[in-house]
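Written below as structure tokens is the structure these notes are about.
The values are calculated or read from the model by the stated rules, or taken from the named source; none is laboratory data. Just so it is clear, the model here is predicted, and its values are computed rather than measured. Cβ placement follows ideal geometry from the backbone for every residue including glycine, while neighbour counts extend to all protein chains displayed.
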Amino acid sequence: MPNDVEEEAPENTIEIEEIPLVTNDALRVVDNGDPSTQNDEVETEDVTVSLRTLYLAQLLSTWGDQCSIYTTALAFTYIFSETWLPGVLFTLMGQLTNFLLGSTVGSWVDRSPRLSGPHKSSPITTISPTLVIRASLIGQNSAVVAVSIFQYLLFQYRDTFPPWHEWHFSLTYVGLLIAGCTSALFSMSRDIAVSRDWLVVVAQDRNTLTSANAVMKRINLVSKVAAPVGISVLLEYVGASQTVLILAAWNAISVIPEYLLLSIVYDREPKLAERQVDEKKKRQNPIVSLYQGWKTYSKQLVLGSSISYILLFMNGATPGSLTNSYLRFRGVDVLAIGIFQGIGAVVGLGATFATPSSIRRFGLAKTALAGIWLQHLLVLIAILSFWAQSLCREGQSVCLDATIYSFQLFIVLSRLGLWSFDICHVQIMQEGVDKENIGVVSGVEYSLTNLAFTVILAAGTVFNEPSTYIYVLGISYAAILTAGIVHTLWFYHKSKEALTERC
């Protein structure tokens, strides 16, 4: 009997299939979808937070830079009412310093850790005595404070002309020049490190990088417009000397939140620490570094685009000091000049919104090509409008006014093409230059843009009368046309190779 039961038992036994436990994590997957999608969303949110933090740091930096540039230039006119030589020398010394030491600064950026050595989550050990961001922030802000203090001391010599024969004045002015050159160099290193390096790492993908470049340019443009307004209010109500001291205090204080913001970005993005610093790389003197930097720069596949970008700095047909001086000579009202300056700012901001969409639809290289030729076309129309003044008969004020305002209008509209190309070129450099050389290549490019800008300033100094302003426009047009031709040749022969078939 027991044997019978044992034989029949298997037939009557109900086999229960083991059911796996459903954990809370599994429930969350059921409720919220694919966990890989969740991870992507978290990563996207992290990138967004890091970028916004970087944008805020950029706003603090560009606001301080633009306030400093505008205040320093105007303060000289308050101190010496009959000459602009001290201000011109200050600007030229900064340009010359950047030209001579640009590749050295870029090389320093390449061989240094991004912030303060190894990241807490990175296994890579990167030790270097030079720390780009920390040194750049402290160096630049300290130099701006020194510029403000020296300039404040110069107010005791307030007169029509500077007393060059007095040794204490000369010593103060030399100190001002040294501080200004130091500020220019550290500003360059900070800009290279953040816009050409950090931004690429934080953005992670191409579309995000395109949008980030546009936002960074938008911040720069807003600062260029808003900072002069704020400084003008201070100059009006507290005076020039007190404004200089306020600027010094701002730069002394703002370095703290700016550094903290960049530290937050660094801590949130472990990839920022993934840079191997070659400690065996020989530290060269500035002359050798200049030669090696130019040699490296000349071998880049993005060379054609970079040369085009540099040539655009040799442009006096802009809503700047040269054009404004001519318009004032022609009797154009200050209010009208200000209105067109405002239109130029709006057009520039429009480019920062339109360019990312164009890049996504037509590609990076094609959008850059369209931008540079759009600028050429609008500047050409502006110059033709300028030339049309000669066709107006004497006493035809309506004809003269129409040509002048047409000239102004197309000058400001040309900013659409300029800033579109600018945004594209920044990304071309970010994608087309290997990360080991991005600093030195960018440094050489910065050097040459300073040289190009100095050339057009020199042209404006030589052709300084209304009747000769047409020569400044001729040089500007030749530079823009050459830039368009060079970039077109690069587009057809090198762009695909430089951008790894991504354009």
**Complete:** Subset of the range 389-432, residues β-branched (Val, Ile, Thr) and touching a residue at least 40 places away in the same chain (Cβ under 8 Å), comes to Ile404, Ile411, Val412, Ile423, Val426, Ile428
**Among the candidates Gly371, Gly432, Gly443, Gly363, residue that is at pLDDT 95 or above and in the same structural domain as Asn315 (by TED's automatic domain parsing)** = Gly371
**Message:** So, in the range 355-384, exactly how many residues are surrounded by 16 or more Cβ atoms within 10 Å (Cβ to Cβ) and touching a residue at least 60 places away in the same chain (Cβ under 8 Å)?
**Reply:** 18
**Request:** Looking for whichever is in the same structural domain as Gly344 (by TED's automatic domain parsing), closer than 30 Å to Leu391 by Cβ and not acidic (Asp, Glu) here; the options are Phe491, Phe407. Which one fits?
**Result:** Phe407
**Message:** Only one of Ile133, Ile127, Ile138 is modelled with pLDDT of 80 or more, farther than 17 Å from Ala249 by Cβ and among the aliphatic types (A, V, I, L, M). Can you tell me which?
**Reply:** Ile133
**Item:** Test: Val440 is more than 20 Å from Gly363 (Cα to Cα), of a type outside the set (D, E, K, R) and surrounded by 23 or more Cβ atoms within 10 Å (Cβ to Cβ)
**Value:** yes
**Item:** Listing of helices (runs of 4 or more DSSP H) fully contained in the range 257-358 that carry 3 or more residues being modelled with pLDDT of 90 or more and under 30 Å from Gly460 (Cβ atoms)
**Value:** 303-311
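Here's the yes/no breakdown for (1) over 26 Å from Gly106 (Cα atoms); (2) within 13 Å of the chain's Cα centre (by Cα); (3) charged (D, E, K, R):
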site: Asp159; (1), (2), (3): yes, no, yes
site: Leu171; (1), (2), (3): yes, no, no
site: Ser183; (1), (2), (3): no, no, no
site: Val201; (1), (2), (3): no, no, no
site: Leu209; (1), (2), (3): no, no, no
site: Ala214; (1), (2), (3): no, yes, no
site: Lys217; (1), (2), (3): no, yes, yes
